[in-house]
Each structure stands twice: as structure tokens, then as C-alpha cells.
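> My questions all concern the structure below.
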Amino acid sequence: SFVLEHQTFNCLRRFIIFDDGKMLLDSFEVQSPNVSYTPEFITSNYEYDTTKIDRAEDGKWSIKPTSTKYEFRVTRNVPKLGVSVVDSVPLMASKLQFKFTLSKPPVKLQQFFSVLLVGWGGNNGSTLTAGLLTNKHGITWMSKEGLKKPNFYGSLTQASTLRVGNYEGEEVYVPFNGLLPFVNPNDIVVGGWDISNLNLAQAMERAQVLDWNLQQQLVPYMKDLLPMPGIYDADFIAANQEERANNVIKGSKKDQVETVRQQIRSFKASSGVDKIIVLWTANTERFSEVVAGLNDSSENLLSAIERNESEVSPSTLYGVASVLEGVTFINGSPQNTFVPGLVDLAVKNNVIIGGDDFKSGQTKLKSVLVDFLVGAGLKPVSIVSYNHLGNNDGCNLSAPQTFRSKEISKSNVVDDMVGSNSILYGPGEHPDHCVVIKYVPYVGDSKRAMDEYTSEIFLGGKNTLVIHNTCEDSLLAAPIILDLVLLAELVGRIEVKKDGESAFHGFHPIAVLLSYLAKAPLVPSGTPVINALAKQRAMLENVLRACVGLPPDNNMLLEFKC
């Protein structure tokens, strides 16, 4: 063990020191009067400092610092994850008054966890499954560049770190998944639905994403994995998808919901899992019309399903079935799956929902670059984003109605950044923003993204940035799916109690903590929509830090300046 002493924390923990002097801690425990550990929970008292802004009758604005005490509690019993608490590190934190509780993982594996993917046989689903199996079994393979080894690169939870302080002037980091108990990806049981009856080995070959030598080694693990029949409605996706639809659920929309509910129950019973998360990674659908009396409330939506109304989409049906089964549902595509009636149903049943649309390549870069430009006082006036890709996602998006869903998702990503600076932008002013997607079969899963950003600069000048981005579409999306599932599972184990409240409760069922991974973050009504990537990560990281009694990382480093 090794003792780290600093004015802000003391740390006793195993560590790795790299050549550049930076340290990566692999386990730790916070030592603070506001933090306690039991075999079941980690509990943290936390004081949340923010500001309240008011406007007087004379129009004068006032900004008042406010402080609220919270108590957080996180269950440490991780599904199918047995972690010993030896070799833990004490981190001594300063000024904390929220109380969080995080349950401690038991030594014995007692729970099992599953993700059910809608569109399991698609490029994303087959690639994620292959990636989990490759890492679990330590499979290596040969490519034209030589020997390749498995990793989880591209995963926030598995391949990134966060700063916890410094030791003798050197930054100290922990793995992102080392802050709280996360499910081990090797312990995830994967299943799902698909409108195509190909087994997962055949789906992997059809996707043409992975090196052939790796595919050959994975066939024995994947050839017996068969998707359950899925819901198919030709009115919501491109007509070119019909030839795949040979594995579908028949009957009315009510029948389809009941079938999916039964499939969830049967999978849970047969696999022995204790917790299930359902995630939509199937085709992009067209937008559903939001109509009063049809899908504007939970009662109206359920009645519409009873009447077999045509405007209820397959993704919404999966969402309804999941919520009614008490199962977390995440939407990874851009359509408006979460019509008001489904959101209402989830909130009333206190079931976690999250989305929308995986943020992986071009849009992730845009959410960084526009934030940088506006934050630097430059004025983006024209943003043109062009894509072409050749996988089935591109094929489906070649239909105008499904492309429109993606266009909306990609276009709104700059809104909050533009709206943050009224010095640059007047009322109603917004950059010209054009998004184009074309289907080019030859490029397959290797999507090309080309962007042009034109900004006004000092004294009438212009600055233009042109970026070419080659995105391996499914290899970028699969780790994001993993992160969404792991973070959603963790969110379900965090409870909070505000000062004056008598009982712990979970976060709002709409999982805002998943925003970092979504192009169009789903948030509760009245909540600011944040798309800037750095702010999204800071929000997620600081909430997790609060759960173990650590203050937000404000980067002030006053100990070196005063």
C-alpha cells in the first residue's frame, strides 16, 4: 500500500506510476466524516452549492449563492459482480455535506444482469456481442497490421480516467469505473430481438465489420445465439428493409406488446438474471405524429394500442412493454420513440428511460468544436455536415421519412451552445446548419463525414475549418451501447435524499446522466438541454464524485497559486 497525503485528501491505495509521473489508482476509499461504508452501501453527505437568479420589479438582476444538503445512497451489490474490498484507498476530502450511499459489492456473485437489444442481429448488436465475447475469452487475431488484442477503446466507463487530485505536484487519476461499483462487462448476458432470423454468427458475417480471422474464432460462440421475433411495421422504416423481415411478431399492437412482455419474462426466467435493460439499436423510424387523444398521455397511449392505432411505432411499443414490466428502456435511434404518453407512463411507474440516438462520430465532434468556437468568442455562421455510408443504417436512411428523424437529431446539437452567447447572436439568430446523408454501399460500415465550419472573426474576417472524419460506425457505436447499459444500471442503484426529506428515492426516471452518450438528450420537462460534450461529462463525473463524497473537480488548483 502507499500513502498519499495532501491538504485536500489522504489516499492509501494500490497505484500505477507511468513514465510521465502521472499515477493511476486502481482502488480507493474516501476517508471523511461525511462518508461511510457498509457491506451494503456507501453513504455520503454532500453540500451542493449553486446560484439562484432573481429579477426585481425594477428590472435589476440579482445572483445569490445557495447551498443545499443532500444525502446519497448507492447500492453496492452489483449484478454478477463480485469484488473484494481489500486494498482499498482512503481519500480524505474537504467540505462535504451531501450524504450518498453506495452499496458494496459482495464477494460472492449473487445477481445476474442482462441487456436485451432490439435489432440484435444488426451491425451494432452483432458487433457489441462479438466485442463482449472477444474480451471475455481473451481472443487474439491476426490482421494485415499484425496481432491484435481485445480492448474496450471508445468506452467511457472502461477506457477513460478521471482526476482525483495530485501528489507532490503530479496528477492522480482513477479509472472511470473505479469511482463506484460497476457491472463487469464480462458478466453481461446478451439477448434480444430482430426481424431477421439469422443467428448472430451469420449476422456478424453480413455486417462485414470485423476482421475475418476474428470472425472465424467467434463463430463457435455466436452460431447458437438466435434473436427472438421482433415487431415489424413497414410504415415506419424504409421499404428496402422488407426483405429482411422473416422473423416477426404477428397480431395487433396490443398482441405485440403482450408478446414482448412475455418474451422479457421468459428470458428472465430461462437465463436466471435478476435485472434486465432493453435498448433499441434497430432501424431509425420516421417521426410519429403527436396527436391529442392518441399518444399525449399514458392513458391515451394505452387506449390507442388497444384500438390498434396505426400511428403507434414499434419502438414505442417496445418502450411500453418494457415500462409495464418495470424494465429500463433506452432508445439509441433518433426518432421520437418517447412520445408524451410513453414518458408519462415511465414517470408514473418510476421506470428509468433514456435516449435519444447514439452520439459517436460527427455529432460528438460537433458538440466539442462548436462549444470551443462560441466559448472562444468566435461566431459560427455556417455549419455544413455531409455523410455517406454503406451499411444497413445508411440503406434505411435513404428513405426521406427516416432521414428526417436523423436530420432533426443531428441539427439540434448546437442549440444550447449558440443560445449561451447573446453577445454573438441576436434574438432568433442561428447559424445556417445543413445535414446531408447519402447511401454508398461500397464503403460499408466505414462512414465518411465531411464538415465545414465558417465563423465570423475580428473586424469582418472569416475563418473556415474543414474536417474529414472516417468513422467505423459500429465499432464506435458498440462501446457507447455498453456505456449506456452500464450507466443506466448504476443509476438504478443510486438513491438521494434532500435535506428535510424523510426517505431515500431514486433520480428522476428520465436518466439525464446518460446525456453524454446521446445526440438528442432526453430530459424532464423544464430541464435545460445540454449538448456541449465537456459539460455533459462534467455533470456525469461530478455526480459520481458526489456519491463518494468528493467535491467537483473545478481545476482551480489554488494550492499551487496562493
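> The chain: longest stretch without exposed GluC sites (Glu not before Pro) (DSSP loop, at most 14 other Cβ within 10 Å), sites themselves excluded? Could the numbers behind the result be given before it?
Numbers: sites that count: Glu57, Glu145, Glu168, Glu289, Glu429, Glu501.
For GluC sites (Glu not before Pro) (loop position, at most 14 other Cβ atoms within 10 Å), the longest site-free span of the chain is 290-428.
> Next question. What is the distance, in nm, between label points placed 7 Å from the Cα along the Cα-to-Cβ direction at Thr140 and at Glu243?
4.1 nm
> Still on this model: Provide the percentage of antiparallel DSSP beta bridges, counting only those with both residues in the chain; round to the nearest 5. It would help to have the intermediate numbers written out before the result.
Working: 59 of 96 bridges.
Of all bridge pairs located within the chain, approximately 60 percent are antiparallel.
> Now a separate question. Once you keep just the Cα pairs under 8 angstrom separated by 6 or more residues, what percentage relative contact order results for region 410-562?
Rounded, it is 18 percent for region 410-562.
> Given C-alpha coordinates of the chain, what is the ratio Rg to Rh with the Kirkwood estimate of Rh?
Using Cα coordinates only, the ratio equals 0.96.
> As a check on your grasp of the helix formula, calculate [θ] at 222 nm for the chain: sum -39500 (n - 2.57) over DSSP H runs of n ≥ 4, divide by the residue count, round to the nearest 500.
On the way: 14 runs with 157 residues, N = 562.
Mean residue ellipticity, 222 nm, calculated: -8500 deg cm²/dmol.
> For region 271-389, report the accessible area per residue in Å² (1.4 Å probe, heavy atoms, rounded to an integer).
Per residue, region 271-389 has an accessible area of 30 Å².
> Ignoring ligands and nucleic acids, what accessible area does His468 show with a 1.4 Å probe (Å², nearest 10)?
Looks like 110 Å² after rounding.
> Output the Cα-based Rg and Dmax of region 299-351 in Å, rounding Rg to one decimal and Dmax to a whole number.
My reading of the Cα-based Rg and Dmax gives 10.3, 27 Å.
> How much of the accessible area of region 454-513, in percent, comes from carbon and sulfur atoms when a 1.4 Å probe is used? Before the final figure, lay out the partial values.
On the way: 1540 of 2680 Å².
Carbon-and-sulfur percentage of accessible area, whole number: 57.
> If you take the beta carbon distance between Glu40 and Ala269 as r and set R0 to 22 Å, what does 1/(1 + (r/R0)^6) give as a FRET efficiency, to the nearest 0.05?
Working: r = 27 Å, r/R0 = 1.21.
Computed FRET efficiency for Glu40 and Ala269: 0.25.
> If you roll a 1.4 angstrom probe over the protein chains with everything in place, what fraction of the accessible area of region 304-353 belongs to carbon and sulfur, to the nearest %?
43 percent
> Give the ranking of Ile408, Ile437, Ile481 by solvent-accessible surface, highest area first, calculated with a 1.4 Å probe.
The ranking, largest first, comes out as Ile408, Ile437, Ile481.
> With the contact rule set at Cα under 8 Å and sequence spacing of 6 or more, what percent relative contact order holds for the chain?
Values: 1279 pairs, mean separation 93.1, N = 562.
The value is 17 percent.
> Which value, in Å², gives the accessible area per residue of region 440-562 when a 1.4 Å probe is used on the protein heavy atoms?
About 45 Å² of surface per residue is accessible.
> With no solvent and one equal point scatterer per Cα, compute the Debye intensity ratio I(q)/I(0) for region 359-504 at 0.11 Å⁻¹ and report its log10, rounded to two decimals.
Log10 of I(q)/I(0), two decimals: -0.56.
The values are calculated or read from the model by the stated rules, or taken from the named source; none is laboratory data. In this text the structure is predicted, and so the values were computed from the model without any measurement. All Cβ positions, even for glycine, are placed from backbone atoms using ideal geometry, and neighbour counts span all protein chains on display. Accessible surface areas use protein heavy atoms only, side chains included; no ligands, DNA or RNA. Shrake-Rupley method; radii C 1.70, N 1.55, O 1.52, S 1.80 Å.
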